[in-house]
Amino acid sequence: MICPKCGCDSDHVINSRKWGKAVKRRRVCESCGFRYNTVEEYGNAAAMKIMQLVYRDLMQNLKAAVAKTFEDYKKFLNEQ
């Protein structure tokens, strides 16, 4: 995480707890000592997995359609 005060990207977690459908973490910057909170939602992981599966299926269908079109085009050229 990036410190909101100094912009340094080195910090460590001093406290972590569940907070609804998320995890709330208390962090301290190793450079300036500033303490701040972050909230990390883990409910979006399921949505991301669904999106990955949909994308994979879409790409498979697209590849099959392109292959079929290419085969049809080759047949068309051979007939002439």
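Figures for the structure shown
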| quantity | calculated |
| --- | --- |
| The stretch 1-38, residues that are among the charged types (D, E, K, R), assigned to a strand (DSSP E or B) and surrounded by 11 or more Cβ atoms within 10 Å (Cβ to Cβ) | Asp11, Lys24, Arg25, Arg26, Arg27, Arg35 |
| Near pairs, Cβ below 6 angstrom, 6+ apart or cross-chain, from the stretch 9-23 (under 16 Å from Tyr36 (Cα atoms)) to any residue that is of a type in the set (A, V, I, L, M, F, W, C) and part of a loop (DSSP other than H, G, I, E, B) | Asp9/Ile2; Asp11/Met1 |
| Residue in the stretch 45-67 that is modelled with pLDDT under 90, loosely packed, with under 10 Cβ neighbours inside 10 Å and not hydrophobic (A, V, I, L, M, F, W, C) present | no |
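The values are calculated or read from the model by the stated rules, or taken from the named source; none is laboratory data. Please read these numbers as outputs of a predicted model, since none were measured by experiment. Cβ coordinates were reconstructed from backbone atoms using ideal geometry, including for glycine residues, and neighbour counts include every protein chain displayed.
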